[in-house]
Each structure stands twice: as C-alpha cells, then as structure tokens.
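The block underneath contains the structure these notes are about, expressed in structure tokens.
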Amino acid sequence: MTRLFRTQNQLILCALMACITLPAAAASKEEIDVNVQVALEEFYEKSPAGRILSERAAGMLVFPRVVKAGVGIGGEYGEGALLADGQTVAYYSTASASIGLQLGAQIKSQVILFMDQEALDRFRNSDGWEAGVDGSITLIEFSAAEDISTNTLRQPIIGFIFSNRGLMYNLTFEGSKMTEISR
C-alpha cells in the first residue's frame, strides 16, 4: 500500500509539473517578437562579446522563456523566433524530455547563433532539428563570455543560456528539439 501511495503521489507531481511546463496557450507572433527583443536587450547588456558574435552570425534563434520542470521525469518548452539580418524570418518551439535524478523548476533564456550560412541552411531545411544529433552547439557560459577563444569563433553554432531563475540548474542544449511553428 505504501509503495502504491508513493507512486500515485509521483504521478500527481509529474502531472502538475507537466501542466507548469506546457504553456496554457501558444503565444502570438506579436508576443514572441516583444519577448525576443527584451531577451536580446538583456543578452547584449550581459555579454558585449555575444553582441559582437551576433553581428557576425548568419542567423540567430532566440528563445526568451524556456520553462523546465521535473520530478524524476522532466520536460521543457519554449517559443521563440529565428532572426536573419535583424528581421524575424520564422517562429520555433523548443522541447525536450528527460528521465533521471531531477527535482525542481527553472526558467531560462537561450540564444543560438548560426555563424555561417551553411549551418543556418541545415537548420532551416530540417524537419525538426535536435541539438546534439542534427548539430552540435558550443555552449558559452556568461562567466567566460568575455574571453571567447578563436577556436570558439570557428564553431558553426554557438549557444548562450542566461537569466536562469529557479531551483533546477541544468545548462545544456543537448536533446532539445527545435521545430518550426506556424503563426
């Protein structure tokens, strides 16, 4: 009986976390665009090197708010925009699921820079692009963002995660699937 009770509680907690993770309603283009601009302002303020890299990039994918939650089983979800030449060219969602030792929730912002046209084209021509499978993202931590090496500059895809809020700390893009959404 005790074992069953624990399992039911775990299922209830997982269901609650899934409700927190998944958005109540998809954001509109206008909402996404406003949130992307706010996230970019924060990104540029926190990382002058990130601003310089973004000016060199063929395109940038910005997820202003990615929510991650888990109790044993976890998931994350966010919506954002792909920008090229400073203009929004498409909207995307990012989602992932995980199983393992995890407990908590966090909200983070993500910026992914496609440093050359070939990397951007591979991303745009995919039918759902998975980080670590379809392309490797070089993660830059903000503590090291000012000391970006020339080796890093040669990477085709560079990612930043910032504005972490919450009790779950997991800085990775691995396993995240990005899919174009129509608005």
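Throughout, read-outs are computed from the coordinates displayed, never taken from laboratory work. Computed from a predicted model, the values in this text were never measured in an experiment. A quick note on method: Cβ atoms are made from the backbone with ideal geometry, for glycine too, and the neighbour counts reach across all protein chains shown.
Backbone geometry of segment 63-76 corresponds, through the Karplus equation with coefficients 6.51, -1.76 and 1.60 at θ = phi - 60°, to 3J(HN,Hα) couplings of 10, x, 8, 10, 9, 10, 8, x, 9, x, 10, x, x, 9 Hz, x marking Gly and Pro. All C-alpha to C-alpha distances of segment 32-73, sorted into 10 Å bins beginning at zero, yield P(r) values of 25, 44, 19, 11, 0 percent in whole numbers.
For GLY159, the residues whose amide H sits under 5 Å from its own are LEU113, THR138, LEU139, ILE140, ignoring neighbours fewer than 5 places away on the same chain, with H placed 1.01 Å from N. Multiplying the residue separation of VAL34 and GLU130 by 0.36 nm and removing their Cα-Cα distance gives an extension gain of 32.0 nm.
3J(HN,Hα) along segment 79-90: 10, x, 9, 9, 10, 9, 6, x, 10, 6, 10, 6 Hz, from the Karplus curve 6.51 cos²θ - 1.76 cosθ + 1.60 with θ = phi - 60°, whole Hz, x for Gly and Pro. Placing unit charges on the Cβ atoms only, positive for Lys and Arg and negative for Asp and Glu, gives segment 29-113 a dipole magnitude near 320 debye about its Cα centre.
Per-residue 3J(HN,Hα) values for segment 38-46, derived from phi via the Karplus relation 6.51 cos²θ - 1.76 cosθ + 1.60 with θ = phi - 60°, read 5, 5, 5, 4, 5, 4, 5, 5, 7 Hz in sequence order (x marks Gly and Pro).
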